[in-house]
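Reading through the structure tokens given below for one structure.
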Amino acid sequence: MVATGPSRILVAVLIVVIVAVGGVGAYAVNHYLEPRPTAPIATAQIGSNVTVNYVGYFASGPQTGKVFDTSVYSVYQNNASYPKSLEFAFGHSGSPSAYHPLGVHVGPATAQYTVGNQTFSGVVTGFWRGIVGMATNQTRFVTIPVDLAYGPLDPACEATEPLSFPVPVLRYYTPANFTVSFPGTSPSGGTTFLDPNYGWTDLVFSSNASTVTVESLPSPGQTLHFAGWNATVTGVNATTITIVNDITPQNYGSVVGTFPSGRACGGGPSASHFLIAGVNVGAGTYTINWNTEVTGQSLLFRVTLVAIVTA
């Protein structure tokens, strides 16, 4: 009798083949699903030299949220989204070439480091500590307390001034000092000119070989325009002019003034401007502060790591 189905031997062979092929397929699937080792992502470490873009904000004080520094030109341009601090304009150029990633040495540094044609400088402790562990193109917000930023205020860079003060009606100069104080003005008697400090009219009352006498001619109630704020002439008599600075407690942190000449303190560079640091109406005084505006403040930086530079 002729069998109509497959023989037992053929069935057995087919089963062996299917099992073998299935095993190979399972091995192949498992092989490709196994986790593969990947190269570790490079991050900034102590001793690294990196380039970063940054935006620096005040995190304390009356200017909290204001931008005091940046390496990004578009941030410099955009005052609507990035309102600037009072002293921002003193240290920033409008040239696009002045804005580029900052070369930073990550770690304590007392000197500059050069890799190729790039220079990497030390920065405040809180800044470089915030960069440790960052990868290229990563952005991080770094808050820096005062002691890891620019340190506390130097009291030698602060002074208390009276809100009301007297100015003599007659002032006396040597001919040489007159020329320095009022350049381009004739010292001849009868000459009138605009006072460069107060804005009122001055008169050369008398002049001889040794002394030039200048008489101030303000009007009571006259508004004077000092560097940064106004003042008012509240009284004039035969000998004295009384001036009151138009400064209120609301001016704290919102007014910047300039010195007639640079003023140094604490061994630092001479400052040409200062901030109103406080007003005491009861005492009739106000305080000026010519520490750099970041001194004594906690700071917030938005930092983007551009590159980790190796030799």
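Given the condition modelled with pLDDT under 95, within 30 Å of Leu194 (Cβ to Cβ) and touching a helix residue (DSSP H, G or I) at 6+ places or on another chain (Cβ under 8 Å), answer yes or no: does some residue in the range 225-245 qualify?
yes
Within the range 265-295, can you find the residues that are of a type in the set (Gly, Ala, Ser), within 17 Å of Gly151 (Cβ to Cβ) and at pLDDT 90 or above? Spell out the reasoning first.
Looking only at the range 265-295, we keep the residues that are of a type in the set (Gly, Ala, Ser), and these are 266-268, 270-272, 277-278, 282-284.
Imposing the further condition that a residue be within 17 Å of Gly151 (Cβ to Cβ) reduces the set to 266-268, 271, 277.
Ala271, Ala277, listed by residue number.
Condition first: in contact (Cβ under 8 Å) with a residue 40 or more places away in the chain and surrounded by 16 or more Cβ atoms within 10 Å (Cβ to Cβ). Can you find one or more residues in the range 261-271 that meet it?
Yes, some residue in the range 261-271 is in contact (Cβ under 8 Å) with a residue 40 or more places away in the chain and surrounded by 16 or more Cβ atoms within 10 Å (Cβ to Cβ).
In the range 252-304, what residues are part of a strand (DSSP E or B) and in contact with a helix residue (DSSP H, G or I) (Cβ under 7 Å, 6 or more places away or on another chain)?
Matches in the range 252-304: His273, Ile276, Val279, Asn289, Phe301, Val303.
Within the set of pairs 6 or more residues apart or between chains, which connect a residue that is within 14 Å of Ala264 (Cα to Cα) and free of Cβ contacts under 8 Å to residues at least 24 places away in the same chain inside the range 150-162 to a residue that is among the β-branched types (Val, Ile, Thr) and loosely packed, with under 12 Cβ neighbours inside 10 Å with Cβ atoms less than 6 Å apart?
Matching pairs, first to second residue: none at all.
Of all residues in the range 214-241, count the ones that are assigned to a loop (DSSP other than H, G, I, E, B) and either touching a strand residue (DSSP E or B) at 6+ places or on another chain (Cβ under 6 Å) or on the phi > 0 side of the Ramachandran plot (or both).
6
Taking the conditions exactly as written (on the phi > 0 side of the Ramachandran plot, assigned to a loop (DSSP other than H, G, I, E, B) and surrounded by 16 or more Cβ atoms within 10 Å (Cβ to Cβ)), does Gly107 satisfy them or not?
yes
Please state which one of Ala80, Ala44, Ala111, Ala98 is at pLDDT below 95 and under 30 Å from Ala307 (Cα atoms).
Only one candidate qualifies: Ala111.
The values are calculated or read from the model by the stated rules, or taken from the named source; none is laboratory data. All values derive from a computational prediction rather than experimental measurement. Heads up, the Cβs are rebuilt from the backbone with ideal geometry, glycines too, and the neighbour counts pull from every protein chain shown.
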